[in-house]
Structures are given as structure tokens and as C-alpha cells.
1. Quick check on my filter: what residues within segment 244-268 are in contact with an Asp or Glu (Cβ under 8 Å, 6 or more places away or on another chain) and closer than 30 Å to residue 208 by Cα?
2. Testing residue 35 on (1) touching a Gly at 6+ places or on another chain (Cβ under 8 Å); (2) open to solvent by 20 Å² or more (accessible area, probe 1.4 Å); (3) in contact (Cβ under 8 Å) with a residue 40 or more places away in the chain, one condition comes back false. Which one is that?
3. Just one of the numbered conditions (1) modelled with pLDDT of 95 or more; (2) polar (S, T, N, Q); (3) surrounded by 16 or more Cβ atoms within 10 Å (Cβ to Cβ) is not true of residue 18; which one?
4. Among (1) more than 27 Å from the chain's Cα centre (by Cα); (2) closer than 30 Å to residue 291 by Cα, there is one condition residue 417 misses while meeting the rest; what is its number?
5. Return the only residue of 161, 140 being basic (Lys, Arg), more than 16 Å from ligand 1 (Cβ to nearest atom), within 19 Å of the chain's Cα centre (by Cα) and under 17 Å from residue 198 (Cα atoms).
6. Please identify the pairs in which a residue from segment 310-338 that is within 18 Å of residue 68 (Cα to Cα) has its Cβ atom under 6 Å from the Cβ atom of a residue that is more than 9 Å from ligand 1 (Cβ to nearest atom) and part of a helix (DSSP H, G or I), counting only partners at least 6 apart or on another chain.
7. If you take the residues in segment 125-164 that are away from ligand 2 (no atom under 16 Å from the Cβ) and open to solvent by less than 30 Å² (accessible area, probe 1.4 Å), which one is nearest to residue 205 (Cα to Cα)?
8. Within segment 226-262, which residues are open to solvent by 20 Å² or more (accessible area, probe 1.4 Å) and more than 27 Å from residue 303 (Cβ to Cβ)?
Amino acid sequence: MNVADSELVASILNTKGNQIVNKIADADVILFNTCSVRQHAEDRVLGRISNEMSRKKEKDVKIGVIGCMAQRLGKKLNKLNSKIDFVVGVDQYKQLPQIINPRNDNLDFESKTAVNDDEIYEDIYPLHTGELNAFVTIMRGCNNFCSYCIVPYTRGRERSRPIDDILKEIKKTGERGFKDITLLGQNVNSYQYNNINFAELLRQVNKIETIERIRFVTSHPKDLSDEVIQVMAESDKVCEHLHLALQSGDNAILKRMNRGYTAEHFLNITKKLRKAMPEIAITTDVIAGFPGETNSQFQKTYDLMKNIEFDYAFTFKYSPRKGTKAAEFKDQIDEKIRLERLQKLIKLQEEITLKKYREQIGKTKEIYVEQVSKKSDAEMAGKSRDFKITVFPGDKSLIGKFVKVKITDAVGWTLKGKII
Ligand code: SAH
Ligand code: SF4
């Protein structure tokens, strides 16, 4: 999502005569696009911001903070680092050209963080920076208020972009050579524009000729309908891959998280998905050590992950976010226990991922060739429809093409194979 927002900001600035530079040393303005989901993300970016401040000794460079941290902390960021020149929140990006204008001499410290629950940047075509895959924002904000999550506070209310704007952006993207798109939103399944729901949006996107592969993130288990599963199965371009956040395998914890589904419901969806698309890869997010989580509740998460066998899981240690309901719960779990539980989940998932990847050996997969392999110039790397990085002997001329690769090995989270 931050990549997509950076592209949006790049486009807003570009149309006003500014230019993106490749080397940070050449920049007159440096923007940090930030994430507030966990404290760790905030701490890291503060470190990076202070590292770049030394550039101010060499030239008059302005340093600004945008994104969720700007939204969440606003003027307080200036207290954390007094050399920050400006902060601009997620609904105020259209003000950026004015703020960074060199004629804006009296820039002392500026903070623009007004919330605008209508802002969807509908008239802006983002400056897609990749060449092969593009992120397309279909909605902004979130209304779910999961009790641990800062997003509804920083990103405001859920609003869907008009379908015509989305289709126009995807067509333009396709004409520019991007064949693989990812539809983005905090809860894409609740997309609703007039009478168009997410399933219908998928059907329409599937008709765009220049696009070959369609993915979407993130789905919410309470809103993923049978209709969407059916459209996924029927639409040739919609990939056999779904990211569906479990968060916990215990019903009482799920309730306290305000997730709106049970472990049984979640398990049932994974069964339906696998029945409709036997080759589907399901990935997830899980939080370890949510307030009040007992050993046996944690064990339920562990057991459910073992039972479902996700292809991959992003596992997180619970991080209290000020202003959220869960941060106020009195039964916070000791940091050491949170970490221990996290490590157990990581270890379990590593074993499952390796098993899942090994099951691919012998299969022939369609790979969208994206780049030269990081390990060898004689090898290319790309992704399968079920989102597995695959490496095989080949040369650069294959980039941007689809090839059939027979899988011969699985090393960690990478498949190896040969073009057939
Ligand atoms: N809208 C997406 C998630 C966005 S945040 C969804 O609902 O699936 C990405 C992930 O960060 C979440 O799925 C959750 O697992 C994790 N996360 C969010 N807040 C967190 C917190 N306070 N502590 C730890 N992990 C958190
Ligand atoms: Fe956060 Fe829940 Fe919204 Fe996802 S659905 S962004 S976890 S509040």
C-alpha cells in the first residue's frame, strides 16, 4: 500500500514540474512514506530519518514525512526530530507541491494532517514505477476497527473509488506494458460503488485484454463471499492466490480483536477455496501475544495453522498502538512471552512452507519472468500464478514474458526449475 501511495505522491509532484531523482544525494526534497501498524516500523523510520539529516550540512535539502506516521503524530514528529521540515498526512498529498515549492521561503515547520474522509485521489494516475507489476488502489480507509489496529484512525473511513476510474487506470497501465496488476485496499471484499460489488469489479477487470494476471489484497474473512470465490475460480486472469489474515485461531481472542468471524468460519473458507481452486496458495497474517492470550489460546492458533497449512504466513508480535482499544486492555502479555510465541509460529510456518514448496516438484508452472536472479546472471526469476518465486536458467530477453517451467527443486521459499 505504501508503494502505491508513493506512486500517487510521485505523480502529484511530477505534474507540478518536480522530478524524481535516482540518487538520494541529488534530491532537494526527501520524503519518507511511513507505516504505523507496529511500533517497530515507526522506530526504524525515525532512525533512517535522522541518518539523512546530515545531508542538510552539505546542501539546503528539505526533509518531510508523509503516510500514517505523519497522520498519527502530526506536529509531535517535530519534537521527535526537530530538523524535520514538514509532515503531510494521508489525505493532504495534493498540498505537497505548494509545500515544497522553493519559493515557499518562510517554510518554518508545516503540518498538514486534516482528515478528509472523501479524498480518494480519483483524478490522479499514479506514476507506476515498476515495469511489469502495478498496484491499483480501489478503496481507501477502513471501517473495521479491529481492536489492535491503528489503520482506521490514520486512514479514515472506508471509501471506494469509482469503477470507471479504476478500469481507466488499469487499461492505461495495460497499454504501457504492465501485465500483472494487484488491486489494493484494506478490505477489498467490501468494495461497493453504486451497485458494483467486489465480485463484479473482478469480472470487469478480467475482461481487460492487455492484463494477464490479477491479484488483490487484502481480503477480510468476514466479507469474502461465495460469489467472490466463484468469480475467482471462473476468471482466467484472477490468480490462484489469496491472502487472508487469520490473526488468531481462538474464538474468544478473535472476538476481543473485533474480527467478526470464528476459527470454524475461517477454516470453512479455506476448504471452499481449495475445493473451487485446488491449486490455490493461501497466505496469512497472524498476531502472537494479543492481550489476554493464554497458553491454550495460543496453542489453538498454532494448531489451526498446522491444520490449514498456509503457503506462507506473516507472523507478528502484538504491538500496542496508542489510541486503539486493545492498547487499553489491562492484561497485556509480557514481551518475552510474545517473542517466544512468535518464534514458535515462525518455526512451524517454515516447516509448512518448505513442505508446500516441495510438493511443487515435478509440476509445470507458468512463470511471469521479472528479473535476473539475485544469485546468478545466468538465471532468471519470476512468479508463478500461486505467487511462488521461481528461478531457472535463462537470459534477459525473457523479462516480461510468460514461460512454462518444470519444477525440479525447492530451496527455502524459492522454486527451481527448467523452461520446457
Ligand atoms: N487490512 C488488512 C491488514 C492491514 S495491517 C487485513 O485486515 O487483513 C497488516 C497486518 O499487520 C495485520 O493483518 C495484522 O496481522 C498486523 N497488525 C496490525 N496491527 C498490529 C498490531 N498492533 N500489532 C501486531 N500486528 C499488527
Ligand atoms: Fe486494521 Fe482490521 Fe482494518 Fe485490517 S480490517 S486495516 S486489521 S482495522
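1. 245
2. With respect to (1) touching a Gly at 6+ places or on another chain (Cβ under 8 Å); (2) open to solvent by 20 Å² or more (accessible area, probe 1.4 Å); (3) in contact (Cβ under 8 Å) with a residue 40 or more places away in the chain, residue 35 is out only on (3).
3. Among (1) modelled with pLDDT of 95 or more; (2) polar (S, T, N, Q); (3) surrounded by 16 or more Cβ atoms within 10 Å (Cβ to Cβ), the lone unmet condition for residue 18 is (1).
4. (2)
5. Working: 140 fails: more than 16 Å from ligand 1 (Cβ to nearest atom).
Being basic (Lys, Arg), more than 16 Å from ligand 1 (Cβ to nearest atom), within 19 Å of the chain's Cα centre (by Cα) and under 17 Å from residue 198 (Cα atoms) holds for just one of 161, 140, which is 161.
6. Pairs that qualify, where the first residue is within 18 Å of residue 68 (Cα to Cα) and the partner is more than 9 Å from ligand 1 (Cβ to nearest atom) and part of a helix (DSSP H, G or I), are 323/153.
7. Per the criteria, the residue is 163.
8. Answer for segment 226-262, where residues must be open to solvent by 20 Å² or more (accessible area, probe 1.4 Å) and more than 27 Å from residue 303 (Cβ to Cβ): 227, 230, 233, 234, 236, 237.
The values are calculated or read from the model by the stated rules, or taken from the named source; none is laboratory data. As the structure is a computational prediction, the values presented were derived from the model and not from experiment. Using ideal geometry, Cβ is built from the backbone for each residue, glycine included, and neighbour counts are taken over all protein chains shown. These accessible areas exclude ligands, DNA and RNA; they are computed on the full protein's heavy atoms, side chains included. Shrake-Rupley method; radii C 1.70, N 1.55, O 1.52, S 1.80 Å.
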